[in-house]
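Scroll down for the structure; my scribbles are underneath it.
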Amino acid sequence: MIKTEAAPSNSGLFKLWYHRMASPVWFYRISGKLLPWLWALFAVLLVTGLYGGLVTAPADYQQGDSFRIIYVHVPAAWLSMFVYMVMAVSGAIALIWRIKLAEMVLVSCAPIGASFTFIALVTGSLWGKPMWGTWWVWDARMTSELILLFLYLGVIGLYSAIEDKRMASRAVAILALVGIVNIPIIHYSVEWWNTLHQGATVTKFDKPSIHIDMLIPLLLMAGAFKVFFAISLLLRTRNELLERELPRKWVKQLVEENDG
Amino acid sequence: MLLEVVGLHCTRGYRALFSELAFTLEAGQLLLVEGHNGSGKTTLLKMLAGLREADDGQVLWDKQPIQAWGAEYRQQFVWLGHSNGIKDDLTALENLHMMQALGGEQAGFPCRDAKSCVSTSTVLERMGLAGNGHRFPRHFSAGMKRRLALSRLLLSSARLWILDEPQAALDRAGIQMFESMLSEHLQRGGSAIMTSHHEVGLRGPHIQRLVLAA
Amino acid sequence: MLLEVVGLHCTRGYRALFSELAFTLEAGQLLLVEGHNGSGKTTLLKMLAGLREADDGQVLWDKQPIQAWGAEYRQQFVWLGHSNGIKDDLTALENLHMMQALGGEQAGFPCRDAKSCVSTSTVLERMGLAGNGHRFPRHFSAGMKRRLALSRLLLSSARLWILDEPQAALDRAGIQMFESMLSEHLQRGGSAIMTSHHEVGLRGPHIQRLVLAA
Amino acid sequence: MQETNAFTTLLKRDFMVAFRHRNEIFNPLLFFSLVTLLFPLGIGPSPTLLQTIAPGILWVAALLAALLAADNLFRTDYEDGTLEQLVLSPQPLPLMVTAKVLAHWLVSAVPLLLLAPVLAVSFGLDAHAIGVAELTLLLGTPVLSFVGAIGVALTVSLKRSGMLLALLVLPLYVPVLIFGSNAIDTAAAGLPVSGQLYLLAALLVLAVTLAPVAIAAALRMSVSQ
Amino acid sequence: MQETNAFTTLLKRDFMVAFRHRNEIFNPLLFFSLVTLLFPLGIGPSPTLLQTIAPGILWVAALLAALLAADNLFRTDYEDGTLEQLVLSPQPLPLMVTAKVLAHWLVSAVPLLLLAPVLAVSFGLDAHAIGVAELTLLLGTPVLSFVGAIGVALTVSLKRSGMLLALLVLPLYVPVLIFGSNAIDTAAAGLPVSGQLYLLAALLVLAVTLAPVAIAAALRMSVSQ
Ligand code: HEM
Ligand SMILES: Nc1ncnc2c1ncn2[C@@H]1O[C@H](COP(=O)(O)OP(=O)(O)OP(=O)(O)O)[C@@H](O)[C@H]1O
Ligand SMILES: Nc1ncnc2c1ncn2[C@@H]1O[C@H](COP(=O)(O)OP(=O)(O)OP(=O)(O)O)[C@@H](O)[C@H]1O
Ligand SMILES: [Mg+2]
Ligand SMILES: [Mg+2]
């Protein structure tokens, strides 16, 4: 049951890839095989990252140990923007080539992205309390991160509001693509705002260039977060796939295999 | 062969409405889609108009899938669904002008004589709405609105009519008028697909029936 | 005498629709309001239900103007207009429960035996919607929605039915079912006023016709 | 008995409909925070400035959220014909209408009450001021719901009424806005606020007793068109 | 030729419909001034404070007015079935959609442009800042109309969408808000503002070229439900 009417016919290799990518069965198999490896990679990165961050890295000369929240905050913040890009790109693929799998990736991205955005916000404001003596300042970076959260929530809200899920994912793809305009704004608004007002975060934290013993665990943690994103994305997409393809033959076969 | 449907399949919420549906429609033919309430008539019509994607199977116009034709296919037919598609805040005549402008020069019957190329006011007269041209449809009764919506058929020169219960809300005179419009259209080589719970007064070999039974 | 109409007069936008309209309706009688599109049937029905004020004349229930009865008059009848009055976001069964709760104990036929006091699920079955009780009407076809709306009649024990084109969107089986409901209602002493462009299959001296010709 | 039955059924119905659209419950909340967020973006992040205008912002956002939410109150009922049936039902209409407004308030305003302290903190208001803000919202938002319902009942039969509704309703919201934001302001300055709170309470009593009758009359008018 | 004919007819139609509801033309205007007025009421009358926050308030009010006005853009067309007919017409949909958005902008935003200087004066902005405010509004409001239209096109098939629309659209309005209010702020401080104006112009170009395609796609999606 593979829809092929929109298949571009320029390159054989591309065509092969296209068919593969569009095939739910193929995706389900491969992702099933990939998952254990990803889990292992995640475990390694997480353990080394945490060990480096919590044990070997020296305490900050200004902030003491409270800086260690950086190992959650920064990876989560980076990921929050990365996930949006993944979402928008799969949205474009879904709209242009009508690949169902891209639709499912798209809708699976949104809750994950929203969660990481939320984590970045919470850890940020947890960090803000000891640093600035307040949970929240309306500075550019924090506000724009909040807007990112709303972009995600908009995607989730729209998807849940439209009942026909194929229509819904098409709608959400359009929205995600339009919302991409905001990403550079989020990134640069720090500078634009500082033309008039003092930004609290950037000036404060760019000065002490980060110590190499702090940086390596940070990068490891960032890697761990990325792998974790990949894992949860695969899991969600597989779920979505099963739900949508429920009446199809291969799902029934799968259920029988698992029962037997 | 104008329209051809091959292996059309439709599920709504896990329930199959119809599957392996196939038929062809030639010039001058009328297809009556029948079936009890909820059997999928409206859904089928939407697929034929390209408003809904088929779960499987294809709708071909002139041997090409309608998706491939794009806007060109939309030039070939007029659609009248459950809702009338008229604006309450434009007068009846303004509504007709609007329909003309949006329809464009529909690829269909050229205007040969003055009689076949109707003006908006004669259309109103024919539809029994004479004298209502400058009134607003929000002041119309249900049946008068439906009559105005049906004017669309007279204005367009499209070859295919796709109509979902066109006689709804019409009185007896209205139904007769509609039937005469329809038979004229068929006689000059047009085709039509329609659903109806009313008995249609036309007879002949050019009338096919398709009964959906979910 | 249940309902009496005296010298009713109606203008809509300078145009008189009907004037000096008068009729009476007794228990067990059916009044068919007929007339071409735009003749004022819906308008008349709205006046009878107290939804619209008459420009002149009166509608009397039990010899008192309906305005004087207030809520008590509203206990006496069920109304079904052009729109169905069902909520898309409640399941079919929940819609029925809602109708029951809002109807209250309608002053009408008391529940003598189990048969006349129907439960919501038997109503659904009777209306040909068995198995759809837990589905949402937004997933229903036009005719299924109309069937659900007509369930209101079975649930209520009101003596008077006021119906505006009840058969709209129904298939043939649906129309038959409606007619049998109606004749049952008339037999047990109920009355009804309805408009319809369909031929109604009931015959007898208890059926009056009122033709509006504006 | 019968009336209370109809009352609770209607209340339950509107609840059920709201929960069926689960996202709808979060929407007034999200709207409230989004509107609040627009101000720091438009005005700039200066904490002292934001703190000064925080009470006004909170209440303006509450007003706008109430306004937008109100639009839903009778519109769908009007369009699907259930409003007609409600008006024709023998149950007392003002009571039925109260059930609907109550359900609407519970669904659209109560979540807002829960979120307001968080937003207040983000603007740097102190604990006392936040407490007063909660109280004013608790007293004020039902007034907004009832008054909004009058406006909606009057305009529900008009096709394109969003703006018109705003024009009818916003001027009526002004007293609530003035007392509400003034109370928070005063509390932030450490002064007593019982005066404003009493006034808000009086408005609430007035709204609960009189609005249902007005709403019912307006609905009868709208349905008969 | 044929397409431009359809374009102008559609533009004229929407104009005509708007002028038939004459009050509709004043509504965005009144809403704009009402919302702007709420702030002095909520925040208090201090002139220096109001002057500081004036750019933000002007733009927030413009945003909200655009949001509320947008809701009308396709809703009635959807409900009366003319949207279905538009989508099924052989005319190019993005072009038709542009006609509708253009008519909408002319009707709902242009009056706002005329009123804004008056409001700006009442907040104590100087002539230069007012000029810049006008320019930002001129560049920014079409963007709001086009972006709002995307949101409406996505949600028009949903029964109760007012709040959802706000959730979708307001985050997308943020860039316009930031550049717009920032430009006025900067102008009031006597600094050059060409940077922000260029960015707004860039957003406008982006919106005019890309939004119609997105709107058309969203409408096709909505109608096919
Ligand atoms: C709720 C409050 C906060 C939010 C929403 C937030 C958000 C973010 C975001 C979005 C980034 C990624 C920026 C980018 O890659 O362009 C980031 C990076 C960062 N944040 Fe936060 N943050 C918050 C509070 C804090 C606090 C309190 C601190 C420390 C005192 C902090 C320290 C950092 C650092 C060091 C980085 C990495 C900077 C870099 O990439 O060069 N953040 N934050
Ligand atoms: N709001 C209104 N303002 C002015 N005139 C109106 C209004 N509504 C209806 N009319 C007019 O009143 C007349 C009667 O309308 P009504 O809806 O009662 O007709 P009807 O007999 O029910 O027709 P149908 O068979 O089409 O349902 C029509 O001629 C119509 O033009
Ligand atoms: N949005 C929807 N989601 C799920 N199922 C739907 C939806 N819309 C319609 N259906 C189902 O599809 C079936 C066919 O509906 P459709 O409207 O095509 O029927 P129909 O033949 O036109 O009936 P009618 O004679 O009553 O107009 C119905 O059983 C209905 O329950
Ligand atoms: Mg149908
Ligand atoms: Mg009628």
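Please verify whether the range E:124-136 includes one or more residues that are free of Cβ contacts under 8 Å to residues at least 40 places away in the same chain, of a type in the set (Asp, Glu) and away from chain D (no Cβ under 14 Å).
yes
A quick yes/no check of all residues on (1) more than 9 Å from every other protein chain (Cβ to nearest Cβ); (2) assigned to a loop (DSSP other than H, G, I, E, B):
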| position | (1), (2) |
| --- | --- |
| C:GLY133 | yes, yes |
| C:MET144 | no, no |
| C:LEU148 | yes, no |
| C:LEU154 | yes, no |
| C:ILE175 | no, no |
| C:MET181 | yes, no |
| C:HIS185 | yes, no |
| C:ILE193 | yes, no |
| C:VAL200 | yes, yes |
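Quick grid of which residues meet (1) surrounded by 18 or more Cβ atoms within 10 Å (Cβ to Cβ); (2) facing chain D (nearest Cβ under 9 Å); (3) touching a residue at least 24 places away in the same chain (Cβ under 8 Å):
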{"site": "E:ASP14", "(1), (2), (3)": "yes, no, yes"}
{"site": "E:ALA18", "(1), (2), (3)": "yes, no, yes"}
{"site": "E:LEU38", "(1), (2), (3)": "yes, yes, no"}
{"site": "E:PRO47", "(1), (2), (3)": "no, no, yes"}
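Give the number of residues within the range B:18-39 that are within 14 Å of another protein chain (Cβ to nearest Cβ), closer than 26 Å to B:ARG203 by Cβ and more than 16 Å from the chain's Cα centre (by Cα).
So the count comes out to 4.
Please verify whether D:ILE25 is under 22 Å from the mean Cα position of the chain (by Cα) and of a type in the set (A, V, I, L, M), treating the condition exactly as stated.
Judged against the criteria, D:ILE25 is a match.
If I ask for residues that are of a type in the set (Phe, Trp, Tyr) and more than 8 Å from ligand 1 (Cβ to nearest atom), which ones from the range A:112-134 would you list?
Listed by number, the residues that qualify are A:PHE116, A:PHE118.
Could you pull out every one of the helices (runs of 4 or more DSSP H) wholly within the range B:1-95 that has 2 or more residues that are closer than 30 Å to C:LEU129 by Cα, touching a residue at least 40 places away in the same chain (Cβ under 8 Å) and of a type in the set (Asp, Glu)?
Per the criteria, no element qualifies.
Could you say whether any residue in the range A:170-179 is of a type in the set (D, E, K, R) and more than 27 Å from A:ARG98 (Cα to Cα)?
So far as the range A:170-179 goes, no, none of its residues is of a type in the set (D, E, K, R) and more than 27 Å from A:ARG98 (Cα to Cα).
Do we have any residue at all in the range B:129-137 that's under 22 Å from B:LYS87 (Cα atoms), crowded, with 20+ Cβ neighbours inside 10 Å and aromatic (Phe, Trp, Tyr)?
No: zero hits.
Scan the range D:102-119 residue by residue and report those that are closer than 18 Å to D:ALA153 by Cα and touching a Phe, Trp or Tyr at 6+ places or on another chain (Cβ under 6 Å).
D:ALA103
Taking the range B:40-79 as the search range and keeping residues that are over 19 Å from E:LEU93 (Cα atoms) and β-branched (Val, Ile, Thr), which one is nearest to the chain's Cα centre (by Cα)?
B:THR42
If you take the residues in the range D:70-106 that are part of a helix (DSSP H, G or I) and facing another protein chain (nearest Cβ under 7 Å), which one is modelled with the lowest pLDDT?
D:ASN72
Take B:ALA169 and tell me if it is over 28 Å from B:THR24 (Cβ atoms), within 14 Å of chain C (Cβ to nearest Cβ), part of a loop (DSSP other than H, G, I, E, B) and within 16 Å of ligand 4 (Cβ to nearest atom).
Judged against the criteria, B:ALA169 is a match.
In contact with a helix residue (DSSP H, G or I) (Cβ under 7 Å, 6 or more places away or on another chain), surrounded by fewer than 23 Cβ atoms within 10 Å (Cβ to Cβ) and assigned to a helix (DSSP H, G or I): which single residue out of E:LEU204, E:LEU158 fits that description?
None of the other options fit; the residue is E:LEU204.
Let's see how each residue does on (1) at negative phi; (2) surrounded by fewer than 21 Cβ atoms within 10 Å (Cβ to Cβ); (3) modelled with pLDDT under 90:
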site: B:ARG147; (1), (2), (3): yes, no, no
site: B:ALA173; (1), (2), (3): yes, yes, no
site: B:ALA192; (1), (2), (3): yes, no, no
site: B:THR195; (1), (2), (3): yes, no, no
site: B:HIS198; (1), (2), (3): yes, yes, yes
site: B:PRO205; (1), (2), (3): yes, yes, yes
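Going by the structure shown, is B:THR11 within 13 Å of chain C (Cβ to nearest Cβ), within 13 Å of ligand 3 (Cβ to nearest atom) and closer than 25 Å to B:PRO205 by Cα?
For B:THR11, the condition - within 13 Å of chain C (Cβ to nearest Cβ), within 13 Å of ligand 3 (Cβ to nearest atom) and closer than 25 Å to B:PRO205 by Cα - is not met.
Return the residues of the range A:182-215 that are crowded, with 17+ Cβ neighbours inside 10 Å and either acidic (Asp, Glu) or modelled with pLDDT of 70 or more (or both); say none if nothing qualifies.
Across the range A:182-215, the qualifying residues are A:ASN182, A:ILE185, A:ILE186, A:MET214.
Quick check on this structure: which one of D:LEU139, D:LEU119, D:LEU102 is within 26 Å of D:GLY44 (Cα to Cα) and in contact (Cβ under 8 Å) with a residue 60 or more places away in the chain?
The unique qualifying residue is D:LEU119.
Looking at E:LEU197, E:LEU210, E:LEU172, which one is surrounded by fewer than 23 Cβ atoms within 10 Å (Cβ to Cβ), of a type outside the set (Asp, Glu) and in contact (Cβ under 8 Å) with a residue 12 or more places away in the chain?
Result: E:LEU197 is the single residue among E:LEU197, E:LEU210, E:LEU172 that is surrounded by fewer than 23 Cβ atoms within 10 Å (Cβ to Cβ), of a type outside the set (Asp, Glu) and in contact (Cβ under 8 Å) with a residue 12 or more places away in the chain.
The values are calculated or read from the model by the stated rules, or taken from the named source; none is laboratory data. Note that this is a predicted model, so its numbers are computed, not measured. Glycine also receives a Cβ, built like all others from the backbone with ideal geometry; neighbour counts cover every protein chain displayed.
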